[in-house]
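One structure below.
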Amino acid sequence: MKIASGGVQHETNTFSDTPTTLADFQRDSGCGPDFSGGEVLEERFAGTGTIHGGYLAGAAELGVELLPLLSARAQPAGRVEQVAYDQMLNLFLQRLAAVLPVDGVALDLHGAMATEKHDDAEGHFIAAVRQLIGPEIPLVVTLDLHANISPQMAAEADVIIGFDTYPHVDMRERGIEAIQLLVRMINRQVRPCQSYRQLPLMTMPPMQCTLREPMQSLIQEVFKLEAEPGILTATVSMGFPFADIRDAGVSVLVTSDSDQGLADQKADALAARLWELRDQLQPQLTSIEEAMQYASEHPEGLVIFADGSDNPGGGAPCDGTVALQAMIKADFQGGVVGVLHDPDTAREAHAAGLGAEIDAVIGGKTDAQHGTSVVTHARVQALSDGKYVHHGAMMRGLAGDFGPMAVLRVGGVEIVVATYRRQLLDRDMLRIVDIDPQTRRLLVVKSAVHFRADLGPLASKIFDADTPGIHRPDFSGFEYHHLRHPIYPLDQDTSYPPGE
Ligand SMILES: [Zn+2]
């Protein structure tokens with residue numbers, strides 16, 4: 001039995017003016033500039049907490065031949081340049097055509113990619129694959145919990161399996177699940193009937209977190225549903241709200257074995273349950289001044305200020321300075337801000353050397369929406385080549401690279417800067433610059449939720465930041481022109497099901 005796998009992953013923030021280029025994918029994919037498949041891809045992902053890590057493990061366990069053809073990903077940013085998308089899609093289709101016939105296909109996609117031409121890039125991608133393999137070959141797609149699942153995606157895939165966790169710590173499990181289900185489909189042991197419901201609902205990242213209520217309990221309900229007789233899998237997709245496209249927002253999928261009526265009924269119930277929770281999914285935000293005050297009054301533990309507005313994992317520049325400026329101004333002692341994307345400052349720090357004093361212009365360089373540059377005198381406290389390995393529950397075992405990295409100290413504040421834009425979500429990313437967060441008082445992380453998997457347990461208190469930015473969890477700051485309406489909470493009188 002032969003299963004082909006691959007995909008292109010991007011979470012596109014359409015409010016970003018930084019386009020995502022082919023070079024971004026070539027740098028961030030980690031499989032070389034030609035997006036090597038086969039052994040290179042196996043080498044990168046085998047044993048890791050990733051979707052392809054799960055595909056490989058599932059295939060090995062079941063004695064199936066997996067043909068990993070392509071894994072192209074880029075750090076979230078603005079729309080993907082059309083020429084880049086077309087080239088990567090064509091590369092995948094060529095490689096897939098070259099190995100046909102196969103018994104099944106597993107696609108590793110994100111679900112919130114938008115290109116210059118395609119608001120629903122995954123819908124386009126899945127349809128192109130379906131056209132190549134025909135209607136009979138089983139096609140299973142794994143998607144991120146932030147997928148904006150469109151009617152076309154649901155129609156073209158036999159089954160979509162979304163992550164059940166945020167932080168995304170179940171990628172490997174979902175990859176294994178996809179291969180197991182594909183094999184049962186190929187062996188005609190099951191016949192999936194998928195039911196898709198799109199809700200008139202958008203939610204913001206902080207409260208999509210499955211370590212917090214109400215999502216923690218909701219996911220337990222999803223697991224119970226999946227254990228019911230006749231149900232193969234179920235997905236709650238919370239959507240990516242920083243995308244001005246028709247299909248942004250929340251959807252659910254329930255897949256039964258051979259019983260469309262059962263799948264429809266369970267999908268309706270799951271959608272109704274989410275709709276009930278809509279007001280509990282709105283976050284509360286805290287200013288940096290309040291967070292500093294709290295840290296001063298509670299000196300015994302680490303306070304984390306989750307600067308999700310500037311989260312590179314959702315397409316933000318990751319060089320925002322609002323919290324940093326306030327901490328320097330307040331002469332805060334024991335503060336860490338990181339990891340800022342500032343290649344210039346990282347280069348200057350490396351040129352000056354360890355212990356040097358430099359005149360630095362830190363952050364605020366990408367746009368005017370995340371604060372102005374901090375112009376200051378700083379000491380180079382640490383330098384690193386930026387190479388790390390994820391040790392936490394998310395992407396465990398996967399190698400990462402910040403490029404040249406440095407820690408600058410200004411008074412009582414340490415500022416971690418890096419050459420490449422990456423989300424701070426693993427202790428190893430600070431260990432490589434000799435920072436143990438447990439010995440500090442206030443950590444400003446450029447992350448909305450993912451940091452919680454590995455850094456969260458170190459914190460005595462976590463605040464969702466009230467800072468400006470293109471990933472700010474507050475709908476009042478965004479203008480949508482292409483989104484479907486009515487939709488909650490933008491249109492307060494929205495009802496679900498429609499008309500009720
Ligand atoms: Zn996600």
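Every read-out reported here was derived from the displayed coordinates using simple, explicitly stated rules and does not represent laboratory data. This one's a predicted model, so the numbers in the text were calculated from it and none came from an experiment. Every residue, glycine as well, gets a Cβ built from its backbone with ideal geometry; the counts of neighbours run over all protein chains shown.
Suppose each label sits 7 Å from its Cα in the direction of the beta carbon; what would the Asp279-Leu211 distance come out to in nanometres?
2.8 nm
Rounded to the nearest 20 Debye, what is the dipole magnitude of the chain about its Cα centre when Lys and Arg each give +1 and Asp and Glu each give -1 at the C-beta?
Roughly 580 debye for the chain.
Under 12 Å Cα to Cα from Lys2, which aspartates and glutamates show up? Leave out anything in the same chain fewer than 8 places away.
Cross-link targets: Glu65, Asp103.
Treating only the Cβ atoms of Lys and Arg (+1) and Asp and Glu (-1) as charged, compute the dipole magnitude of segment 285-339 about its Cα centre; round to the nearest 20 debye.
100 debye
Across segment 73-156, how large is the tail of the calculated P(r) beyond 14 Å, expressed as a percent of all Cα pairs?
63 percent
Between segment 83-156 and segment 184-200, how many Å separate their Cα centres?
The two parts, judged by their Cα centres, are 17 Å apart.
A 23 angstrom limit on the alpha carbon distance is what I want to check against. Which of Lys224/Lys461; Lys365/Lys461; Lys224/Lys446; Lys387/Lys446; Lys117/Lys365 exceed it?
Lys224/Lys461; Lys365/Lys461; Lys224/Lys446; Lys117/Lys365
Going out from 0 in 10 Å bins, what whole percent of all Cα-Cα distances in the chain drops into each bin?
Once binned at 10 Å, the Cα pair distances of the chain give 4, 20, 30, 26, 14, 5, 1.
Taking 0.36 nm per residue of separation and subtracting the Cα-Cα distance, what length does fully extending Val389 through Leu354 add?
10.2 nm
Could you give the distance between the Cα centres of segment 399-438 and segment 283-332, to the whole Å?
When both Cα centres are located, 16 Å separates them.
Let me spell out the model: positive unit charges on the Cβ of Lys and Arg, negative unit charges on the Cβ of Asp and Glu, origin at the Cα centre of segment 294-382. What dipole size does that give, in debye rounded to 20?
Magnitude of the dipole: close to 100 debye.
Between Thr21 and Ser476, what length comes free when the chain is fully extended (0.36 nm per residue of separation minus the Cα-Cα distance, one decimal in nm)?
Stretched fully, the Thr21-Ser476 segment lengthens by 160.8 nm.
Show me the ranking of peptides 83-92, 445-454 by mean Cβ neighbours inside 10 Å, starting with the highest.
445-454, 83-92
Going toward the positive end of the dipole of the chain, with +1 on Lys and Arg Cβ and -1 on Asp and Glu Cβ, which of Met429, Gly411, Gly335 do you reach last?
Met429
Using DSSP, restrict attention to beta bridges with both residues in the chain and report what percent are antiparallel, rounded to the nearest 5.
45 percent
Would you mind listing how long segment 125-167 runs along its three principal axes, going by Cα atoms, in whole Å with the largest first?
Taking max minus min along each principal axis of the Cα atoms, segment 125-167 gives 35, 17, 12 Å.
Need one number: nm distance between label points at Asp257 and Lys224, each 7 Å from Cα along Cα→Cβ, rounded to one decimal.
Distance between label points: 2.2 nm.
Taking N as the number of residues in segment 339-415, what is its Cα Rg relative to 2.2 N^0.38 Å?
Computed over Cα atoms of segment 339-415, the ratio equals 1.21.
For segment 1-47, compute the orientation-averaged projected area of the C-alpha convex hull (one quarter of its surface), in nm².
Quarter of the Cα hull surface area: 4.6 nm².
Does a label point 7 Å from the Cα of Lys117, set along Cα-to-beta-carbon, have any residues of segment 73-100 with amide nitrogen under 17 Å, and which are they?
What the label zone holds, given the 17 Å backbone N cut-off, is 79-94.
Starting from the Cα-Cα distance between Glu290 and Gln82, subtract it from 0.36 nm times their residue separation and give me the gain in nm to one decimal.
70.5 nm
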